[in-house]
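Please read the structure below before turning to the comments.
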Amino acid sequence: METSTAYAVHKLAVEMDRAADRLLQERLGISYGRFYFLLVLVESGQVPQHSIATTMGYSAPAISNMAGELVKDGLVEAISDPAHGRRRLITITPKGNRLLSQSLELLDECFSELTTLAGIDEVQYKADTEQLIMALVRKRRR
């Protein structure tokens with residue numbers, strides 16, 4: 001039986017997440033989950049903790065724990081939302097920005113090596129991936 005496209009795409013995402021996690025932990029001492037948290041912050045700006053949980057697809061308690069660890073490590077700051085006293089706003093720190101930049105550089109370098117090894121045009125792959133993402137977003141909004 002031939003592997004379905006859906007399965008192949010999911011398997012690729014899982015394997016890439018695992019590889020990224022190992023690489024980031026070995027080289028920079030950060031998990032892929034924490035990296036993704038920082039990336040969401042840079043994309044979103046200062047946001048409520050709940051928004052990060054929604055974007056990442058994690059539970060609110062899991063994000064609360066992760067945010068606490070990232071605050072302790074000096075990678076993010078958490079302040080009370082002046083508009084809503086019980087809500088916390090999360091912002092990336094300069095230290096967090098530096099680690100995120102190093103992480104992105106490392107992951108991009110490794111992805112380039114992977115596409116070369118696989119004989120895939122990286123620029124075209126990125127363009128195709130972005131088109132798929134936009135199509136999913138459009139379909140979800142309907």
- Query: Which of the listed residues, Leu75, Ile63, Ser103, is farthest toward the dipole's positive end in region 54-142, when Lys, Arg count +1 and Asp, Glu count -1 at the beta-carbon?
  - Reply: Ile63
- Message: What figure, in Å² to the nearest 10, do you get for the accessible area of Glu15 with a 1.4 Å probe and non-protein molecules left out?
- Response: 80
- Task: Please determine, in degrees from 0 to 90 and to the nearest 10, the orientation of helix 94-118 with respect to the longest principal axis defined by the Cα atoms of the chain, where the helix direction is its Cα long axis.
- Result: 10
- For region 68-142, what does the alpha-carbon gyration tensor say about shape, rounded, prolate or oblate, given a ≥ b ≥ c as the root eigenvalues, a/c under 1.5 as rounded, and a/b over b/c as prolate? oblate
- Message: Can you classify region 72-113 as rounded, prolate or oblate using the Cα gyration tensor, where a ≥ b ≥ c are the square roots of its eigenvalues, rounded means a/c under 1.5, and otherwise it's prolate if a/b beats b/c and oblate if not?
- Response: prolate
- Message: Taking 25 Å as R0, compute the FRET efficiency from the Cβ-Cβ separation of Ala8 and Lys139 and round it to 0.05.
- Response: 0.80
- Query: Packing-wise, with mean Cβ within 10 Å as the measure, how do 30-39, 89-98 rank, highest first?
  - Reply: 30-39, 89-98
- Surface per residue (accessible, 1.4 Å probe) for region 11-142, Å²: 67
- Message: At 10 °C and a viscosity of 1.306 mPa s, what translational diffusion coefficient does Stokes-Einstein give for the chain, taking Rh as the Kirkwood radius over Cα pairs? Give it in µm²/s as a whole number.
- Response: 93
- Taking R0 as 41 Å, what's the FRET efficiency between Gln124 and Gln46 from their Cβ-Cβ distance, rounded to 0.05? 0.70
- How much solvent-accessible surface does His84 expose, in Å² to the nearest 10, with a 1.4 Å probe and all protein chains in place? 90
- Crossing angle, helix 32-44 versus the chain [Cα axis fit, 0-90 degrees, rounded to tens]: 70
- Message: To test your reading of the geometry: what angle, between 0 and 90 degrees and rounded to tens, separates the Cα axis of helix 60-72 from the longest principal axis of the chain?
- Response: 70
- Message: Bins of 10 Å, beginning at zero and ending with the bin holding the largest distance: percent of Cα pairs per bin for region 28-101, please.
- Response: 21, 61, 18, 1
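The values are calculated or read from the model by the stated rules, or taken from the named source; none is laboratory data. Nothing here was measured: the structure is a model prediction, and the numbers come from that model. Glycine gets a Cβ as well: all are built from the backbone with ideal geometry, and neighbour counts include every protein chain shown. When the accessible area is computed, the model is the full protein with side chains, heavy atoms only, and any ligands, DNA or RNA have been set aside. Shrake-Rupley method; radii C 1.70, N 1.55, O 1.52, S 1.80 Å.
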